[in-house]
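Heads up, the thing below is written out as structure tokens.
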Amino acid sequence: MIRLERRREPSRGWALATPFIAVLLTMLAGGLLFAALGKDPVEAIRTIFWDPLFGPYAGYSRPQLLVKAAPLILIATGLSLGFRAGIWNIGAEGQYIVGAICAAAVALAAYPAESVLLFPAMVLAGALGGLLWGLIPGVLRVRFGANEVLTSLMLVYVAEALLAAMALGLLRNPEGRGFPGSRNLAQYPSAANLEILPGSGMHWGVVAALIAVVAAQVIFARHQLGYRIRLTGAAPRAAVFAGVRPGLLVLVCMGFSGALAGLAGMFEVAGPAGRLSIDFGAGYGFTAIIVAFLGRLNPFGILAAGLLMALTYIGGELAQMQLALPVAAIQIFQGMLLFFLLGIDVLTAYRPRIGKARA
Amino acid sequence: MSGIDPVILLAQLMVVATPILLAAIGELVVERAGVLNLGVEGMMITGAVCGFAVGVATGSPLLGFAGAALGGALVSMIFGLLTQVLLSNQVATGLALTLFGLGLSALIGQGYVGLRGPVVPDLYLPLLRDIPVLGPMLFRHDAVVYLGLGLVVAVWWLLTRTRAGLILRAVGENHDAAHALGYHVVRVRLMAIAFGGACAGLGGAYLSLARVPQWTEGMTAGAGWIALAIVVFASWRPGRLVIGAYLFGGITVLQLNLQAAGVRVPVEYLQMSPYLATILVLVLLRAGRAPGSLGKTFHAAQ
């Protein structure tokens with residue numbers, strides 16, 4: 001009989017090893033899944049994890065890695081603050097969409113005027129839009145005790161409907177011959193979020209993601225706020241005695257993660273996506289949750305996890321084109337990764353023992 | 001607005017509320033056992049695709065619903081294994097289950113897009129169906145609508161009138177005390193989670209086999225999350241669950257009818273209303289006291 005014995009201290013070694021073991025197990029289980037779908041498992045895994053970096057088309061896919069990873073890292077970094085304190089913002093997808101809508105609205109209001117101030121104004125609008133959208137569930141929890149998991153999630157559906165309304169109505173391209181979707185911001189020089197170094201994939205969103213990671217690390221390691229977040233996560237009641245105001249912390253975490261998600265939306269709509277369309281929300285807000293956990297809610301961990309998850313996106317697209325692997329298989333793959341991670345994580349806090357308990 | 005007939009409206013309401021009611025009654029049992037499973041959406045959509053696939057393969061809606069319940073229960077056991085045996089965080093694991101279920105269902109459902117499933121017949125209730133007004137409103141539905149209501153009564157009876165219900169509530173209120181009394185906390189919870197998964201699966205299959213009836217990717221569109229909200233709204237009491245589900249159903253039906261009647265509000269804004277209503281309900285109604293051990297990890301320490 002195997003039983004679990006709580007460790008006195010969480011094992012640092014296991015905490016570090018868990019993500020790697022989870023990735024390996026996911027590759028194994030994913031290989032079985034692909035084999036069950038009638039694909040060569042080795043080839044599928046190689047196409048997903050190796051080819052985007054070193055394959056024949058790597059020149060195209062390597063920059064894409066940064067493009068896909070930037071929103072994931074930006075959003076996940078924001079989420080990690082709240083998650084550490086037990087504040088569950090599940091609605092980043094909605095905040096991402098609203099950030100993009102606000103930024104696009106600012107740009108389209110100014111169109112076609114050119115000004116160096118436009119891009120900063122869009123950054124501000126995107127962050128503010130995400131911030132306010134994220135604050136709604138925060139305020140509802142603090143003021144009315146409404147569960148933030150449910151309200152933030154409901155607001156994703158509201159944001160998606162709002163996006164459709166904007167793409168079909170107010171922000172629709174007047175020269176688009178009636179097609180849904182806004183003007184292409186990537187072709188509007190003042191608003192475009194272009195690559196800083198051509199061909200590198202490095203756009204301002206990547207820079208923002210890196211800044212966010214470093215800032216979050218500083219907050220966790222050196223700042224009062226990080227201390228309060230960690231304390232609240234570990235012992236909410238003790239935190240109150242230590243002077244933490246739980247309501248304020250909820251608002252700060254929800255607002256901060258909302259603002260970062262809104263920023264991610266802004267950089268996406270002004271760059272890689274280019275325009276607001278009905279299908280603009282690509283699920284980054286949900287995948288970022290996996291990224292946050294895979295990165296152990298640690299900023300640099302999130303950086304690595306974001307790059308890995310971006311790899312599965314790009315590799316998944318490659319596998320879809322070359323091996324006709326269904327898109328959904330990659331979704332399952334990502335879900336399994338989180339399952340394995342959560343499952344193996346038991347070894348961080350507990351030690352398995354064989355035999356009966358000592359009396 | 002003259003085009004909206006209140007009798008049809010109420011009849012539709014019962015149909016629209018059924019998938020959410022089914023998923024919510026399952027989740028209510030899970031939460032009364034002290035487990036917070038946020039994977040309802042994932043289990044629901046898994047049930048939707050399993051039910052549809054089995055229904056198409058066998059031509060039998062009954063087998064379809066059975067397959068959906070089985071599918072929902074099976075994926076819920078992933079959650080059960082992770083949270084009860086491997087002691088993982090319930091919030092994170094539930095989210096993972098939702099993401100996994102959405103992917104899994106899309107993969108299984110690939111070959112089923114655009115197909116037609118078997119027809120779920122209305123239950124023929126002689127005499128009752130001929131009562132004026134009430135007949136077409138209440139007594140001309142398929143069996144699953146009544147199954148949902150029956151399950152609510154059964155769960156109420158189980159929780160408040162039986163020994164098994166007492167044990168389930170004890171486990172949910174204080175798992176350490178229940179463990180000390182010799183009850184098998186993990187076993188009780190695993191059974192509750194499987195029941196919740198089966199109910200969510202049934203709810204999903206009701207969407208794909210009866211309400212829509214078709215398979216489309218992501219077709220649950222947040223119904224699982226709304227079911228979770230309704231459990232909170234109901235303060236974990238079965239009776240209030242019906243009110244919550246019908247309230248939600250009413251708003252959805254009204255919204256759909258306004259769309260059909262051509263109200264001069266863009267469709268997208270009308271589509272927001274069920275979600276906004278859910279938020280409003282969560283805000284206006286102070287939830288009752290949640291089960292004491294809800295969402296906490298149980299580890300039988302010596």
> List, please: which pairs have Cβ atoms under 7 Å, are six or more places apart or on different chains, and start with a residue in the range B:105-123 that is within 14 Å of chain A (Cβ to nearest Cβ) and end with one that is in a helix (DSSP H, G or I) and modelled with pLDDT under 85?
Replying inline: B:Ala106/A:Ala328; B:Ala106/A:Gln331; B:Leu107/A:Ala328; B:Leu107/A:Ala329
> For the range A:282-292, does any single residue satisfy the condition of being in a helix (DSSP H, G or I) and open to solvent by 30 Å² or more (accessible area, probe 1.4 Å)?
Replying inline: yes
> Restricting to the range A:332-359, what's the tally of residues that are surrounded by 20 or more Cβ atoms within 10 Å (Cβ to Cβ) and charged (D, E, K, R)?
Replying inline: 1
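How many of the residues in the range A:83-127 are without any contact (Cβ under 8 Å) to a residue 40 or more places away in the chain and touching a Pro at 6+ places or on another chain (Cβ under 8 Å)?
Of the range A:83-127, the ones without any contact (Cβ under 8 Å) to a residue 40 or more places away in the chain are A:106, A:109, A:117, A:120-121, A:124.
Next, only the ones that are touching a Pro at 6+ places or on another chain (Cβ under 8 Å) stay: none.
Going through the range A:83-127 one residue at a time, the tally reaches 0.
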> For B:Val75, which of the numbered conditions (1) of a type in the set (Val, Ile, Thr); (2) at pLDDT 95 or above; (3) open to solvent by 60 Å² or more (accessible area, probe 1.4 Å); (4) under 26 Å from B:Cys50 (Cα atoms) fails to hold?
Replying inline: (3)
>> Can you pull out every residue in the range B:88-126 that is surrounded by 15 or more Cβ atoms within 10 Å (Cβ to Cβ), of a type in the set (A, V, I, L, M, F, W, C) and closer than 30 Å to A:Gly30 by Cβ?
In response: B:Val91, B:Ala92, B:Leu95, B:Ala96, B:Leu97, B:Leu99, B:Phe100, B:Leu102, B:Leu104, B:Ala106, B:Leu107, B:Ile108
> So, of the residues in the range A:337-347 that are part of a helix (DSSP H, G or I) and facing chain B (nearest Cβ under 7 Å), which turns out to be nearest to A:Ile290 (Cα to Cα)?
Replying inline: A:Leu338
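Determine whether A:Arg183 is open to solvent by 20 Å² or more (accessible area, probe 1.4 Å), of a type outside the set (S, T, N, Q) and within 14 Å of chain B (Cβ to nearest Cβ).
Working: open to solvent by 20 Å² or more (accessible area, probe 1.4 Å): yes; of a type outside the set (S, T, N, Q): yes; within 14 Å of chain B (Cβ to nearest Cβ): no.
Against the criterion (open to solvent by 20 Å² or more (accessible area, probe 1.4 Å), of a type outside the set (S, T, N, Q) and within 14 Å of chain B (Cβ to nearest Cβ)), A:Arg183 does not qualify.
For B:Met137, indicate whether it is closer than 17 Å to B:Ala192 by Cα and either part of a helix (DSSP H, G or I) or at pLDDT 90 or above (or both). Lay out the reasoning, then the answer.
Details: closer than 17 Å to B:Ala192 by Cα: no; either part of a helix (DSSP H, G or I) or at pLDDT 90 or above (or both): yes.
Against the criterion (closer than 17 Å to B:Ala192 by Cα and either part of a helix (DSSP H, G or I) or at pLDDT 90 or above (or both)), B:Met137 does not qualify.
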> Of the residues A:Ser257, A:Ser277, which is touching a Gly at 6+ places or on another chain (Cβ under 9 Å), under 15 Å from A:Ala85 (Cα atoms) and among the polar types (S, T, N, Q)?
Replying inline: A:Ser257
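State whether one or more residues within the range A:149-165 are part of a loop (DSSP other than H, G, I, E, B) and within 12 Å of another protein chain (Cβ to nearest Cβ). Give the steps one after another, and end with the answer.
The first filter runs over the range A:149-165 and keeps only residues part of a loop (DSSP other than H, G, I, E, B), leaving none.
The answer is no; no qualifying residue exists.
Restricting to the range A:125-148, give me the number of residues that are within 7 Å of another protein chain (Cβ to nearest Cβ) and either assigned to a helix (DSSP H, G or I) or in contact with a Cys (Cβ under 9 Å, 6 or more places away or on another chain) (or both). Before you say what the answer is, go through the steps one by one.
Taking the range A:125-148 and keeping what is within 7 Å of another protein chain (Cβ to nearest Cβ), we get A:140, A:144-147.
Now restrict to residues that are either assigned to a helix (DSSP H, G or I) or in contact with a Cys (Cβ under 9 Å, 6 or more places away or on another chain) (or both): A:140, A:144.
So the answer is 2.
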>> Testing A:Leu194 on (1) within 12 Å of chain B (Cβ to nearest Cβ); (2) assigned to a loop (DSSP other than H, G, I, E, B), one condition comes back false. Which one is that?
In response: (1)
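Have a look at B:Leu36, B:Leu22, B:Leu28, B:Leu9 and point out the one that is more than 17 Å from B:Leu104 (Cβ to Cβ), part of a helix (DSSP H, G or I) and open to solvent by 10 Å² or more (accessible area, probe 1.4 Å).
On the way: B:Leu36 fails: part of a helix (DSSP H, G or I); B:Leu22 fails: open to solvent by 10 Å² or more (accessible area, probe 1.4 Å); B:Leu28 fails: open to solvent by 10 Å² or more (accessible area, probe 1.4 Å).
Result: B:Leu9 is the single residue among B:Leu36, B:Leu22, B:Leu28, B:Leu9 that is more than 17 Å from B:Leu104 (Cβ to Cβ), part of a helix (DSSP H, G or I) and open to solvent by 10 Å² or more (accessible area, probe 1.4 Å).
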> Of (1) surrounded by fewer than 24 Cβ atoms within 10 Å (Cβ to Cβ); (2) part of a helix (DSSP H, G or I); (3) small (Gly, Ala, Ser); (4) touching a residue at least 12 places away in the same chain (Cβ under 8 Å), A:Ala70 satisfies all except one. Which?
Replying inline: (1)
> Can you pull out the residues in the range A:298-331 that are open to solvent by 30 Å² or more (accessible area, probe 1.4 Å), of a type in the set (A, V, I, L, M, F, W, C) and outside any helix (DSSP H, G or I)?
Replying inline: A:Ala324
> Just to be sure, is B:Glu217 acidic (Asp, Glu) and either open to solvent by less than 50 Å² (accessible area, probe 1.4 Å) or within 17 Å of B:Val145 (Cβ to Cβ) (or both)?
Replying inline: no
> Quick one: is B:Leu95 within 14 Å of chain A (Cβ to nearest Cβ), on the phi > 0 side of the Ramachandran plot and in contact with a helix residue (DSSP H, G or I) (Cβ under 7 Å, 6 or more places away or on another chain)?
Replying inline: no
>> If a residue must be more than 15 Å from B:Ala23 (Cα to Cα) and open to solvent by less than 30 Å² (accessible area, probe 1.4 Å), how many such residues does the range B:147-161 contain?
In response: 1
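Hey, can you tell me all the residues within the range A:166-180 that are part of a loop (DSSP other than H, G, I, E, B) and either open to solvent by less than 10 Å² (accessible area, probe 1.4 Å) or more than 14 Å from chain B (Cβ to nearest Cβ) (or both)? Explain how you work it out, then say what you get.
The initial filter retains those residues of the range A:166-180 that are part of a loop (DSSP other than H, G, I, E, B), namely A:169-180.
Within the range A:166-180, A:Asn173, A:Pro174, A:Glu175, A:Gly176, A:Arg177, A:Gly178, A:Phe179 qualify.
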> Out of B:Ala164, B:Ala194, B:Ala154, B:Ala198, which single residue is modelled with pLDDT under 95 and in a helix (DSSP H, G or I)?
Replying inline: B:Ala164
> Only one of (1) of a type outside the set (D, E, K, R); (2) assigned to a helix (DSSP H, G or I); (3) at pLDDT below 85 is not met by A:Pro10, so which one is it?
Replying inline: (2)
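If a residue must be charged (D, E, K, R) and open to solvent by 50 Å² or more (accessible area, probe 1.4 Å), how many such residues does the range B:174-203 contain? Lay out the reasoning, then the answer.
Taking the range B:174-203 as the starting set, the residues that turn out to be charged (D, E, K, R) are B:176, B:187, B:189.
Pick out the ones that are also open to solvent by 50 Å² or more (accessible area, probe 1.4 Å) and you get B:176, B:187.
Here the count works out to 2.
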>> Filter the range B:235-275 down to the residues that are open to solvent by less than 50 Å² (accessible area, probe 1.4 Å), among the aromatic types (Phe, Trp, Tyr) and in a helix (DSSP H, G or I) and list them by number.
In response: B:Phe248, B:Tyr275
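From A:Val214, A:Val116, A:Val206, which residue is away from chain B (no Cβ under 14 Å), in a loop (DSSP other than H, G, I, E, B) and among the hydrophobic types (A, V, I, L, M, F, W, C)? Working first, answer last.
Working: A:Val214 fails: in a loop (DSSP other than H, G, I, E, B); A:Val206 fails: in a loop (DSSP other than H, G, I, E, B).
None of the other options fit; the residue is A:Val116.
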> Picking from B:Val188, B:Val232, B:Val171, B:Val253, which residue would you name as being in contact with a Leu (Cβ under 8 Å, 6 or more places away or on another chain) and modelled with pLDDT of 90 or more?
Replying inline: B:Val188
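The values are calculated or read from the model by the stated rules, or taken from the named source; none is laboratory data. All values derive from a computational prediction rather than experimental measurement. Backbone-built Cβ (ideal geometry, glycine too); neighbour counts: all protein chains shown. With ligands, DNA and RNA removed, areas are computed over all heavy atoms of the protein, side chains included. Shrake-Rupley method; radii C 1.70, N 1.55, O 1.52, S 1.80 Å.
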